[in-house]
Amino acid sequence: MRVVLALLALLLAVPAHAHTRSQSFSTWTVGDDTVAGVFQVDAYRATQLSETPQDLAALLKREIEATISVAQDGAACTRTGLQSIRAPRGELRVEVAFKCAKPFADVPGELKVGAFFGVSISHSHYIRVTSKKGVREGVLTQGKTTIPVGGDEAAPSSFGSFLFLGFEHVLSGIDHIAFLIALAMLAGGVWRILIAITGFTLGHSLTLGLVALNVLKPDTVAIEALIGFTVAWAAGDALRRVRGTPQWYGLVGAGGIVLLPVLAWLFGLPVLAWSVLLGAAVFAAAMSYTKADAPYLAPAIATVFGLAHGAGFAGPLLEMEIAPANLIWTLLAFNIGVELGQLTALAVLAALLWAARRVFKEIPPLAFDAAAAVLFALGTFWFVSRALA
């Protein structure tokens, strides 16, 4: 089973940027004849808008000006505002407003959000629209870039739409898929893999709930970096335990993490808080010397790492600012979607490699080593690039 999963990991090992998902968010407020909103996207994504270095805030403003509009009975509403506003580190925000010719109670309107679909066909936009008649959340894609405003009572968000959101959120995130594969390689065996995945589910479900309920407020940049760390550690430890690599390799990795602030200082880059880096370094050093057998250690590690991934999963829900009255069923639907996404990814991978094994009869052990090395390299790249973002 390890060999099968290793070959699948090689198939998934594709180049990835610091932020692997192409996604953006917006929240809108509808008045009698006005629509005002805030559009948010990570700064790295904005670099896709131009082949030459430019001011990212200005780039985003031009993209929004060209791709976001409100229409009423086929006639474009007037844009009354467009300005960059303060955003969390690593993010960009633009405030935009429109005024239409007639009240929406008389003539319903339509909001179109086409930003970034021109540069990424897999882009997803998470949107929340609040009006006097209710709140509506949804996901816009390449094939659906509009949402109605005004008119009849706002349609409530469906259980199925958030189930799909959780499903899509997992499958669109290469880093989450990479971690599942590395975790399976570490666990070994079908039942051990299922137990480890159960631990991962418990961990991310707990954090997802706490974050969505506003009990925890994680640093988005730190969480993204730690997700990369979990991929690198799981893949590296799987290789170490199978091939018996020296335990002091863990100390080398820990030393590299501690050196990140030095690199940041040399190149004038921001870096994660020392507490986060020190915690990752201590974990890497300590776990490399543990005597516990990997298959039995994997569920515990999956539960701990699931805490970080859960905060990452909560991102779309936080940005959409779900109404408290809808939070419980929304959280349940989203979490079920996440689980279905995980199981689907592992099932597809297992099926593909089962077919490959039938064709090639025997897959050399080197495939495991190569897959672990690729996953370790990807995880390290994600961790370092996000830590210095």
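The values are calculated or read from the model by the stated rules, or taken from the named source; none is laboratory data. Here the structure is a predicted model, which means the values were calculated and not measured. Ideal geometry is used to build each Cβ from the backbone, glycine not excepted, and the neighbour counts take in all protein chains shown.
A few points about this structure:
- Residues located in the stretch 26-81, provided they are buried (at least 18 other Cβ atoms within 10 Å of the Cβ), without any contact (Cβ under 8 Å) to a residue 40 or more places away in the chain and among the charged types (D, E, K, R): 61
- Scanning the stretch 204-227 for residues being at pLDDT below 80, among the polar types (S, T, N, Q) and not in a loop (DSSP other than H, G, I, E, B) gives a total of 1.
Conditions tested, residue by residue: (1) modelled with pLDDT under 90; (2) of a type in the set (A, V, I, L, M, F, W, C); (3) over 28 Å from residue 204 (Cβ atoms).
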position	(1), (2), (3)
76	no, yes, yes
81	no, no, yes
89	yes, no, no
120	yes, no, no
136	yes, no, no
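- Any hit, the stretch 175-183, residues being in contact (Cβ under 8 Å) with a residue 12 or more places away in the chain, surrounded by fewer than 20 Cβ atoms within 10 Å (Cβ to Cβ) and in contact with a helix residue (DSSP H, G or I) (Cβ under 8 Å, 6 or more places away or on another chain): no
- Residue list for the stretch 80-122, restricted to those being closer than 15 Å to residue 66 by Cβ and under 20 Å from the mean Cα position of the chain (by Cα): 115, 116, 117, 119
- Selection within the stretch 258-274: residues that are in contact with a helix residue (DSSP H, G or I) (Cβ under 6 Å, 6 or more places away or on another chain) and touching a residue at least 60 places away in the same chain (Cβ under 8 Å). The member of this set that is nearest to residue 220 (Cα to Cα) is 272.
- Filter pass, residue 285 being buried (at least 22 other Cβ atoms within 10 Å of the Cβ), of a type in the set (A, V, I, L, M, F, W, C) and either at pLDDT below 80 or over 25 Å from the mean Cα position of the chain (by Cα) (or both): no
- Criterion (farther than 19 Å from residue 73 by Cβ and either assigned to a strand (DSSP E or B) or in contact with an Asp or Glu (Cβ under 9 Å, 6 or more places away or on another chain) (or both)) met by exactly one of 94, 107: 94
- Subset tally (residues that are of a type in the set (Gly, Ala, Ser), surrounded by fewer than 22 Cβ atoms within 10 Å (Cβ to Cβ), within 15 Å of residue 305 (Cα to Cα) and over 18 Å from the mean Cα position of the chain (by Cα)) for the stretch 186-224: 1
- Among the residues of the stretch 358-389, those identified as over 21 Å from residue 235 (Cβ atoms) and in a helix (DSSP H, G or I) are 358, 359, 360.
- Among (1) assigned by TED's automatic domain parsing to the domain that holds residue 374; (2) modelled with pLDDT under 85, the one test that residue 166 misses: (1)
- Identity of the residue in the stretch 229-251, of a type in the set (Val, Ile, Thr) and part of a helix (DSSP H, G or I), that ends up farthest from the chain's Cα centre (by Cα): 242
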